[in-house]
Structures are given as structure tokens and as C-alpha cells.
Amino acid sequence: MFEFLKTAPPDKILSLSAQFNADPRPGKVDLGVGVYRSATGETPVMSAIARAEAILLSSQTTKSYLGLAGNIEFNDLLGRLVLGESAEKREVRTVQAPGGSGALRILGETLRRVAPGARIWLPDPTWANHKALLGAAGFELSEYPYFDPATGGVKFDEMVETLRTAAPRDIVLLHGCCHNPTGANLTPDQWSGLAALIGERGLFPFVDLAYQGFGYGLEQDAEGTRILARGVPEMAVAVSCSKNFGLYRERTGAAILIGDNARAADNALSQLLASARQNYSMPPDHGAACVRIVLEDEALRQEWMDELESMRLRMLTLRQGLAAALKRATNSDRFAFIAEHRGMFSRLGLSVEQVDKLRRDYAIYMVDDSRINIAGLPEDRLDAFAEAIASQS
Ligand SMILES: Cc1ncc(COP(=O)(O)O)c(C=O)c1O
């Protein structure tokens with residue numbers, strides 16, 4: 001029967017990686033796939049995680065099932081890491097999930113059951129997989145304006161104007177920090193404005209927090225989510241530990257729901273667990289068990305925070321270095337926004353043809369929309385890199 005199937009379109013970013021790996025040219029630059037890289041181009045196992053793995057290996061006595069919600073202690077610790085004091089003040093229910101993607105999917109399915117006719121509003125642009133994951137969960141997808149290529153900033157007024165047209169119970173997906181693919185983020189004042197709008201219009205906020213600690217700092221990057229948690233009756237948060245704990249392949253994340261009261265939160269939790277059961281039953285244990293060890297131990301927690309901060313600062317230095325190199329190469333401030341953005345990505349504003357040419361002529365690989373992974377920049381060759389970019393404009 002398979003011969004009657006249409007071939008599914010390949011994932012563009014993963015295909016780009018394969019193309020990069022097959023490119024024999026020395027000095028090739030991979031700015032495609034969203035993984036952190038050190039100065040030597042590696043995606044290291046974070047040192048606190050490596051220590052936690054050693055502890056786990058010597059102390060784990062069983063691999064028996066944990067249950068649909070996964071590691072309960074991990075859930076509690078992660079809820080507090082994300083929500084701060086709201087973790088105690090609100091009716092919070094957390095379920096361990098297979099990465100941020102798994103969390104998005106089971107939360108999406110749960111929200112579909114809560115509000116069957118609701119649309120989900122995504123920022124324009126957004127992470128490509130949002131559309132695939134949430135579309136497959138059954139949502140009708142709509143977009144709100146977000147990024148302004150002319151200024152490199154957020155079109156906040158237009159965003160608010162559009163969200164005012166959303167129907168009550170519609171769901172609004174927001175990037176908690178470090179917007180992917182643009183790197184342009186909301187200010188705390190804008191988050192407060194959104195919390196008010198969401199309350200006024202009866203909308204439901206769904207935050208995707210995949211880069212906590214990569215933007216302005218561990219606490220600062222959770223501020224928007226916490227502002228909402230203080231100001232709205234109900235919300236959902238999909239958390240990924242892939243980037244900030246370096247646990248990509250271990251598939252570690254959490255789905256968080258906040259309910260208006262205990263009964264409502266328990267109802268929603270039961271649906272979230274049902275969704276997990278229908279999709280994959282129980283999440284993989286290893287990554288969450290390591291995160292639990294790290295967050296419970298004061299010294300390991302500090303070691304993790306220090307390493308995360310050094311990763312954040314490395315990306316910031318690269319941003320500043322690239323903006324300065326592009327200023328020299330173009331003799332303009334056209335790319336000044338790169339130093340203003342935060343997180344792992346920025347969009348350069350190049351056409352698909354220019355992106356193709358950079359790949360062909362300079363072995364510089366970036367996503368078609370000219371999104372670059374800042375952590376992949378060659379720190380000792382920023383001027384040559386900037387010259388290549390400038391040659392396209
Ligand atoms: C915006 C955003 N959300 C969620 C994820 C999910 O990551 P994972 O499923 O690997 O935890 C990613 C990963 O690239 C992302 O960029």
C-alpha cells in the first residue's frame with residue numbers, strides 16, 4: 001500500500017544539516033539547526049549534567065515505569081524555575097513531556113478539548129514546527145503580526161490590534177523569550193499590556209518557553225511568563241530543557257497548566273495525562289532525572305547556572321562582534337539590530353536567492369528565511385563572514 005502514499009516533504013532545517021555534513025569545503029559555516037555550539041563548534045554535555053549522570057548511574061536501582069506525569073520532583077522543580085513564586089500561589093499542574101515539542105503537542109490537544117471551536121494565533125513569523133505540531137493537534141491556525149523587518153523590532157501595536165479581533169477562548173501562542181526565528185522580544189511592559197488584553201478579551205495564553213537563560217538571564221527570561229501567571233485566570237506553558245540543560249536528544253521538557261481553581265486545574269490535568277497516554281504513554285526518564293539531581297543540589301545548580309550564563313554571554317559577545325563587523329563591512333547601521341536582539345537566532349533580512357548564493361559561493365549555511373544561529377558564528381572570522389554577507393547587498 002505504501003506505493004500510493006505521497007512522499008512527506010522533508011524538514012527544511014534537518015535537510016540543510018544533511019547538506020552541510022556532505023559539503024567537503026574546509027571552513028564551512030553551519031548557522032542552520034538550532035543547537036548551541038561552543039567556540040570549538042561542539043555542543044557539549046553541560047558539566048553539571050555529566051555529574052548528575054554519574055550520580056544517577058551509581059544510585060538508580062530500577063527502570064520500572066514512573067507514571068504518566070513522569071518524574072514528580074522534576075515537575076515541581078521545573079514549575080518553580082519557570083513560574084517563580086506563582087508556582088506556590090497558583091493552581092499549577094505539571095506533566096513531564098518528551099521535549100518542548102511533546103509538551104506543545106499534549107497541551108495543544110488538551111486545549112482543543114477545552115475549546116473545540118477555538119483558533120490558535122501564532123506570531124508571524126514563528127518556529128516552523130509550531131504550525132506542524134499544532135495543526136496536527138487539530139487547530140485552525142491564524143497569525144498575528146510580530147516582527148518588523150524594517151526596524152528589526154516587534155510590531156507591538158499591530159499585534160495588539162489584531163489580537164483584539166480574536167474571539168473569546170481563542171488561544172494565543174507566545175514565545176516566552178528569545179523569539180525563534182527573529183530574536184526580537186517583548187518588553188515587560190508589553191507583557192503586562194498583553195496580560196490586560198487577554199483578560200479583557202477572554203483569550204487563553206499558551207507560552208512556549210524553549211530558551212530560558214539564553215536571552216537576558218534565567219530570571220529575566222521567565223519574566224513575561226510570570227507576568228501572565230500573575231495576571232490571567234488560566235494559561236499553559238510548554239517548557240523545553242533541550243537548550244538550557246543541553247539535553248536535546250534526551251527529550252526533556254514539561255507541560256504546565258494553571259487553572260483558576262483546584263477543581264478546574266485537576267480536570268485539565270486529567271485531560272493532559274489522557275493525551276500523554278494516547279500519544280506515547282510515559283515520557284523518557286533520563287534527562288528529567290538528571291535535571292532533578294542538578295536542581296536539587298545547591299552546588300550542582302550553581303555550576304549549571306554558571307555554565308548557562310557563560311553560554312548566554314558568549315552569544316551576546318558574538319552578537320556584538322557581528323553587528324560591529326557588519327557595520328565596518330557595509331559602512332551602515334543596517335545590521336545594528338543584531339546586537340539588540342537576544343537568544344540564539346536573528347534574521348538577516350536576505351532573500352532566498354542571497355541565502356542560496358552564500359551557500360554556493362561561501363559555504364555559509366543558513367535557513368531560507370536568513371535566520372542564523374548566533375552560536376554557530378565563527379568567532380575568529382567575523383570580518384570575513386561580514387564581508388560575505390555585505391557582498392550580497
Ligand atoms: C521555539 C521552540 N519551541 C520549542 C522547541 C522544542 O524543542 P525540543 O522539542 O527539542 O525540546 C524549539 C526547538 O528548537 C523551539 O525553537
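The values are calculated or read from the model by the stated rules, or taken from the named source; none is laboratory data. Source: prediction; values computed, not measured. Every residue, glycine as well, gets a Cβ built from its backbone with ideal geometry; the counts of neighbours run over all protein chains shown.
What residue, of 92, 82, is assigned to a helix (DSSP H, G or I) and either over 21 Å from residue 226 (Cα atoms) or in contact (Cβ under 8 Å) with a residue 24 or more places away in the chain (or both)?
On the way: 92 fails: assigned to a helix (DSSP H, G or I).
Selected residue: 82, the only one of 92, 82 that is assigned to a helix (DSSP H, G or I) and either over 21 Å from residue 226 (Cα atoms) or in contact (Cβ under 8 Å) with a residue 24 or more places away in the chain (or both).
Considering only the range 18-36, state which residues are closer than 21 Å to residue 384 by Cβ and either surrounded by fewer than 15 Cβ atoms within 10 Å (Cβ to Cβ) or not acidic (Asp, Glu) (or both). Let's see the steps before the verdict.
Here is the first cut: in the range 18-36, the residues closer than 21 Å to residue 384 by Cβ are 20, 23-32.
20, 23, 24, 25, 26, 27, 28, 29, 31, 32 - these are the residues of the range 18-36 that are closer than 21 Å to residue 384 by Cβ and either surrounded by fewer than 15 Cβ atoms within 10 Å (Cβ to Cβ) or not acidic (Asp, Glu) (or both).
Tally up the residues in the range 86-109 that are more than 10 Å from the ligand (Cβ to nearest atom) and within 20 Å of the chain's Cα centre (by Cα), please. First the steps, then the outcome.
Step one: list which residues in the range 86-109 are more than 10 Å from the ligand (Cβ to nearest atom), which gives 86-96, 106-109.
From the residues that got through so far, the ones that are within 20 Å of the chain's Cα centre (by Cα) too are 94-96, 106-109.
Total meeting the criteria: 7.
Collect the residues in the range 201-259 that are over 28 Å from residue 113 (Cβ atoms), in a loop (DSSP other than H, G, I, E, B) and within 15 Å of the ligand (Cβ to nearest atom), keeping them in residue-number order. If you could, list the steps in order and put the result at the bottom.
Looking only at the range 201-259, we keep the residues that are over 28 Å from residue 113 (Cβ atoms), and these are 211, 213-221, 223, 243-250.
Adding the requirement that they be in a loop (DSSP other than H, G, I, E, B) leaves 211, 213-219, 243-247.
Listed by number, the residues that qualify are 211, 213, 214, 215, 243, 244, 245, 246, 247.
Would it be correct to say that residue 308 is of a type outside the set (Asp, Glu), part of a helix (DSSP H, G or I) and either touching a Leu at 6+ places or on another chain (Cβ under 6 Å) or crowded, with 19+ Cβ neighbours inside 10 Å (or both)?
Values: of a type outside the set (Asp, Glu): yes; part of a helix (DSSP H, G or I): yes; either touching a Leu at 6+ places or on another chain (Cβ under 6 Å) or crowded, with 19+ Cβ neighbours inside 10 Å (or both): yes.
In short, yes.
Sort out which residues of the range 116-132 are within 15 Å of residue 185 (Cβ to Cβ), of a type outside the set (A, V, I, L, M, F, W, C) and either in contact (Cβ under 8 Å) with a residue 60 or more places away in the chain or in contact with a Cys (Cβ under 7 Å, 6 or more places away or on another chain) (or both), and write them in order of number. Outline the logic, then answer.
Step one: list which residues in the range 116-132 are within 15 Å of residue 185 (Cβ to Cβ), which gives 123, 125-127.
From what's left, of a type outside the set (A, V, I, L, M, F, W, C): 123, 125-126.
Hit for the range 116-132 is 125, nothing else.
Inspect the range 312-332 for any residue being in a loop (DSSP other than H, G, I, E, B) and closer than 28 Å to residue 255 by Cβ and give the result as yes or no.
Filtering the range 312-332 for residues in a loop (DSSP other than H, G, I, E, B) gives 331-332.
Next, from what is left, pick out any that are closer than 28 Å to residue 255 by Cβ: none.
For the range 312-332, residues in a loop (DSSP other than H, G, I, E, B) and closer than 28 Å to residue 255 by Cβ: absent.
Consider residue 135 against the criteria (1) without any contact (Cβ under 8 Å) to a residue 24 or more places away in the chain; (2) crowded, with 20+ Cβ neighbours inside 10 Å: it satisfies all of them except one. Which criterion is unmet?
Against the list (1) without any contact (Cβ under 8 Å) to a residue 24 or more places away in the chain; (2) crowded, with 20+ Cβ neighbours inside 10 Å, residue 135 comes up short only on (2).
(1) surrounded by 21 or more Cβ atoms within 10 Å (Cβ to Cβ); (2) modelled with pLDDT of 95 or more: which one isn't true of residue 43, the others all being true?
(1)
Take residue 140 and tell me if it is touching a strand residue (DSSP E or B) at 6+ places or on another chain (Cβ under 6 Å) and modelled with pLDDT under 95. Explain how you work it out, then say what you get.
On the way: touching a strand residue (DSSP E or B) at 6+ places or on another chain (Cβ under 6 Å): yes; modelled with pLDDT under 95: yes.
Considered against the rule, which asks whether it is touching a strand residue (DSSP E or B) at 6+ places or on another chain (Cβ under 6 Å) and modelled with pLDDT under 95, residue 140 comes out as yes.
Yes or no: residue 51 touching a helix residue (DSSP H, G or I) at 6+ places or on another chain (Cβ under 8 Å), of a type in the set (D, E, K, R), assigned to a loop (DSSP other than H, G, I, E, B) and farther than 30 Å from residue 259 by Cα? Steps first, answer last, please.
Numbers: touching a helix residue (DSSP H, G or I) at 6+ places or on another chain (Cβ under 8 Å): yes; of a type in the set (D, E, K, R): yes; assigned to a loop (DSSP other than H, G, I, E, B): no; farther than 30 Å from residue 259 by Cα: yes.
No; evaluated as a whole, the condition is false for this residue.
Is it true that some residue in the range 159-170 is surrounded by fewer than 21 Cβ atoms within 10 Å (Cβ to Cβ) and either at pLDDT below 95 or within 16 Å of the ligand (Cβ to nearest atom) (or both)?
Checked the range 159-170: no residue is surrounded by fewer than 21 Cβ atoms within 10 Å (Cβ to Cβ) and either at pLDDT below 95 or within 16 Å of the ligand (Cβ to nearest atom) (or both).
Pairs please, first residue from the range 255-278 and in contact (Cβ under 8 Å) with a residue 12 or more places away in the chain, second anywhere and of a type in the set (Gly, Ala, Ser) and surrounded by fewer than 17 Cβ atoms within 10 Å (Cβ to Cβ), Cβ atoms under 8 Å, 6+ apart in sequence or on different chains.
Final answer for the pair search is none.
Looking at the range 142-180, which of its residues are among the hydrophobic types (A, V, I, L, M, F, W, C), assigned to a loop (DSSP other than H, G, I, E, B) and either without any contact (Cβ under 8 Å) to a residue 24 or more places away in the chain or closer than 12 Å to residue 119 by Cβ (or both)? Spell out how you get there, then give the answer.
So in the range 142-180, the residues among the hydrophobic types (A, V, I, L, M, F, W, C) come out as 147, 150, 154, 156, 159-160, 163, 166-167, 171-174, 177-178.
After this cut, where a residue has to be assigned to a loop (DSSP other than H, G, I, E, B) as well, the list is 150, 166-167, 177-178.
Passing the criteria: 150, 166, 167.
Might you check whether a residue that is of a type outside the set (A, V, I, L, M) and farther than 22 Å from residue 255 by Cβ occurs anywhere in the range 120-129?
Going residue by residue through the range 120-129, those that are of a type outside the set (A, V, I, L, M) are 121, 123-127, 129.
Those still in the list that are farther than 22 Å from residue 255 by Cβ too: 124-125.
There is at least one residue in the range 120-129 that is of a type outside the set (A, V, I, L, M) and farther than 22 Å from residue 255 by Cβ.
I need the full set of residues from the range 90-119 which are crowded, with 23+ Cβ neighbours inside 10 Å, out of contact with any Gly (no Cβ under 6 Å at 6 or more places or on another chain) and of a type in the set (Ser, Thr, Tyr), in order please.
Hit for the range 90-119 is 110, nothing else.
Which residues, counting only those in the range 376-393, are farther than 23 Å from residue 148 by Cα and touching a residue at least 12 places away in the same chain (Cβ under 8 Å)?
Looking only at the range 376-393, we keep the residues that are farther than 23 Å from residue 148 by Cα, and these are 376-385, 387-388, 391.
Within the range 376-393, 376, 377, 378, 379, 381, 382, 383, 385, 387, 388 qualify.
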